[in-house]
Every structure is written in structure tokens, then in C-alpha cells.
1. Looking at the chain, what % of its DSSP beta bridges pair antiparallel, to the nearest 5?
2. I need the GluC sites (Glu not before Pro) found in the stretch 171-262, filtered to DSSP loop residues with at most 16 other beta carbons within 10 Å of theirs.
3. In debye to the nearest 20, how big a dipole does the stretch 145-275 give about its Cα centre with +1 on each Lys and Arg Cβ and -1 on each Asp and Glu Cβ?
4. Which value in deg cm²/dmol, rounded to the nearest 500, describes the helix-derived mean residue ellipticity at 222 nm for the chain, given -39,500 (n - 2.57) per DSSP H run of n ≥ 4 and division by the residue count?
5. Taking the Cα-to-Cβ direction at Glu301 and at Arg191 and moving 7 Å from each Cα, how far apart do the two end points lie in nm?
6. Helices from the chain with mean Kyte-Doolittle at least -1.0 and a Cα length along the axis of 18 Å or more, per DSSP H: which?
7. Taking 45 Å as R0, compute the FRET efficiency from the Cβ-Cβ separation of Asp141 and Asp95 and round it to 0.05.
8. If the label point is 7 Å along Cα→Cβ of Glu381, which residues in the stretch 402-419 have backbone nitrogen under 15 Å from it?
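The values are calculated or read from the model by the stated rules, or taken from the named source; none is laboratory data. Everything quoted here is computed from the prediction, not taken from an experiment. All Cβ positions, even for glycine, are placed from backbone atoms using ideal geometry, and neighbour counts span all protein chains on display. Side chains are part of the model used for accessible areas, which takes the heavy atoms of the whole protein and leaves out ligands, DNA and RNA. Shrake-Rupley method; radii C 1.70, N 1.55, O 1.52, S 1.80 Å.
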Amino acid sequence: MQSCETSSDSTDDPLSSGLRRKRQPRIVVIGAGLAGLSATKSLLENGFTDVTILEASDRIGGRVQSVKLENATFELGATWIHGSNGNPVYHLAEDNGLLEETTDGERSVGRISLYSKNGVAYHLTNNGQRIPKDVVEEFSDLYNEVYNLTQEFFQRGKPVNAESQNSVGVFTRDVVRKRIKADPDDSETTRRLKLAMIQQYLKVESCESSSHSMDEVSLSEFGEWTEIPGAHHVIPCGFIKIVEILAHSIPESIIQLCKPVKCIHWNQSVSKEIERVADHNSDSPEEDQGYHVLVECEDCEFILADHVIVTVSLGVLKKYHESLFHPGLPEEKVMAIQKLGISTTDKIFLEFEEPFWSPECNSIQFVWEDEAESESLTYPEELWYKKICSFDVLYPPERYGYVLSGWICGEEALIMEKYDDETVAETCTEMLRKFTGNPNIPKPRRILRSSWGSNPNFRGSYSYTQVGSSGADVEKLAKPLPYTESSKTVPVTSTDFFSYLQPMQVMFSGEATHRKYYSTTHGALLSGQREAAHLIEMYQDLLQCRN
């Protein structure tokens, strides 16, 4: 352990000068999702005692939301543990016995994860016909071959030609179409079915990426997203159990629910405002001196802090960054927020009294034959339902009952969110009747659906690298404020650590800030641990001396 003595010539050393203070650093974490909880847990385990979580909603978990209906748990948000080898979320689940009831059929190593790898996906057309299994397999092999090509632009540094418009969707549609049309062995009917399947597969891909369309996803950056090896797992008792495990060691007093933040005042430009609030709020104003950040809450409470870890979604940053930070964010960070993408992926759960699908069917995929030559996946508002790509069969029925889980993304998901349950259930039922050719399918006995796009606390599901953005933008988004190169130019005028520009006043975490694992729960968790590690390293001497 290093010596706890301080010397007079260490005025510009935050660690040694920090030892002279009577108080612990105060850290405010904004958001009680996986990033915020994992950051807080790490800080508490490493000796920090003055930590507060401010959560805008009335629950913890963020984009993890498990809903228990009767004996089954349904996931409105995060559903799968994506990969097992070294995945911290997987190890939390495994170590705590959360996967014991997971069936073999619920473990999938497929790229597009379904609830069960058992059974067969039924690709149905809007004319009520099932596409032959061999045609589907031929198309799937071709599509997956082209998908692998999309990975090479980043992974192998392949140049992107102008024709692709640097878009995964444009590139994929163009290459797959050319290969289908060049195949001399297919009949015209088979060729038309395969062309129509392109759009259906791209809709599924858009739901996976949480983009409005794969046309908006960057081809040159697509391959940077890194898949953790191993099977994908669901958590039968609910993904919320991961949240509860993280929160278990966090005292309830630390988490303040229904506490939305209005503005984060940072940097020395607000020092007078901080002093004014300190004088107003404290019986002993001197105890509140030296803070460089002021968190202004919607309920008019002001909270002084040394560091704030912001874990809000990219959607919230896009909408509110101008009012959320004072002074405003540096232009570089604003540009990163604007360039990176986030859209909405919603689920629609339909519960039926009895299954109308065969026992071997694990999903119903909607193929619109009139979309064989379509270039766009944007529909008029009244045709929002054409963006529903599929319904998965929840498995096993002994746990879930007879339930289908539908997927819809982009602007059409936002339109769906505007309608009431009755309208959505009726629309989905008519669609199922049309594609199965069975006019006698009854309306579901119950509907449950998500609404991530219109929720003001999220404004989207998860992030992706939009055309024009790159992993460098993710790094810029994650970069703490003030920038270190700026802090070096500020003169030291006092031996007090907090009298000059304190580093890492405002820090950023959340899935959108993880360059390789964006869009995932493990990316969110790791990003929270990353920011906590920065503070743990910064204060290591202080924490060691107090242990």
C-alpha cells in the first residue's frame, strides 16, 4: 500500500490532494438500468460510500422489463443472453442458477435467435400459401452467404463501392437479387418467391439491429459488432433477475425512483451557481464547497456532485442533449450523438386458447409477394402492419401457454404504439388469417406489447452504426468531460483538488457507448463497469488509505 502522507508540491495531483479532503467523492449515477447498476455495484464494492442513483421511472432495469402473467414471464425488452463464452451476463445467470429450467430447445447458436431452435420456420405468402421448404433453404443459404460478405468490409478492410451507398440493405438487396436472377435452374415462380423473401429477411434483420431499415445501417462498420461465442440463452424466470442480482448489494436508500433529471451543470462556468445552491441548501455551506457538478432534478432539487455517470439511452441524448447539459456538449460529442443510430424494435405477444399452428412450427414468417422488386421498407401509416416481419412460437407451451411473439421495427413500430390493444390484436389476427389461409383463426384471448419508441425515458430500443457513423463515434460518445487535453491548460490556483478543473466530471455509459458490444445487455453492463473502473483508478490511493 502506498503512503498516505501528502506533500506541499503535489498541488496538481488529484489523488494526493484528494487525501486532504474530509469527505468522500460524491458520485451521481443517472439511470438504474444495467449500466447504472453495474457501475454503482462496482463503486460500492471498491470503497466508495457517497453514491446516488437517480432513475426517472418507477422501476429499475431500464430496457430490461419482464412481465409476469399467471405462471409465465414475458420479456418486453431484453430477451437473450447473446453468447456464453466470457459473457458477464451469462456468468451471472449461470452462477445464480437462472438457467436451470432452460430447455435444450431454448439454446440457439443461430445468428437470428428464435425462442427455439427446434421445429421449422413457416414462410407464408400474403396469398395464403406456404413457400416450399427446399426453396426457403436455398434462399437462406444464399442470404447467409451474402450476410457473411457484409462482415468483410470492416473485418478485412474491403473498400465500399459507391453503388452500395455504404448501406447493408442496399448492398444485400442488390447482390442477392443479381444472384437469384442469374440462376438458370429456378422457375419464374420460384424466382419471384425468392425475390420477395429478400425484403422479409431484411425486415427481420432490421428488428435485430433496431433500425428503421437496413438501408440505414453502415456497411463499412457493420462487421465491428462482435458476437460472443457460444449459445444464446433465455432466462425462464425473467431477465429482470439479472437486474435484481446487480441491485441486491446496493442499499435501497441509494436508488431514487421517479427522479428525472432536468439539467447537468458542469465545468467551472457554473461555479457561482453551485456556490449559490450550496449556500441555500446547506446549514454548513463550507461542507458543500469544491463540487464541480450540479444535477438539477425535475422536482427542483439540486444535487452537488464530483462526478456524474450518465447512462441514458442514445434516443434520450438525441432528443434532449441541448437542455440536459449546461454548458452544452462539445461539438465532437454532439456530432457523434447525431450520427449514431437508434430506432425502435417492439414485440407483440398474442395468447390464444388453443394453437392454430402445427407442433413443428416454431415461427410464422410473412412474405409479401408484391414486394419482390421493392426498394423501400417504409409504408403509409395505414399499412403499418406490413412491417411486422414474423411471429415466433414461444416454447415450451407448458411454461408459456399458446403464445406468439410478433416483431415490428422502425417508424411503423411507432405507429403501432399509437393504437389501442384491441386494434392491434384485430389487425394481427387478420394478418395471420390472410397468410395462413385459415379464416377461422380466433382473436387472441390476451395481448401484451412493448412501446420503447414513445417512452420518453428511452425513445428507442438500442443503437446501431448508422450510415455515416463509425466506431470512432461510439468512442467519442463514451469520452468523459471535460476532455483531458482541455484540463491541462487550466492553471492551478490552490492546493485544494476541487479548485481547478476536475477531470471526469461527466461520464457516459450504456450500450451505445460500447464499441464492440453496442445493442447488448453485456455491452451495457461492461460499460458501467468501465466507467466505475476509471474512478476507482483515479481514487485508488484515497480508498486504500481509508480501508
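1. Restricted to the chain, the bridges split so that about 65 percent are antiparallel.
2. Taking the stretch 171-262 and a limit of 16 other Cβ atoms within 10 Å, the loop GluC sites (Glu not before Pro) found are Glu227.
3. Dipole about the Cα centre, nearest 20: 240 debye.
4. On the way: 17 runs with 190 residues, N = 547.
For the chain, the value works out to -10500 deg cm²/dmol.
5. Label-label distance for Glu301 and Arg191, simple model: 6.8 nm.
6. In the chain, the long hydrophobic H runs are 133-155, 168-182, 188-209, 421-436, 521-538.
7. After rounding, the FRET efficiency stands at 0.75.
8. 411-419
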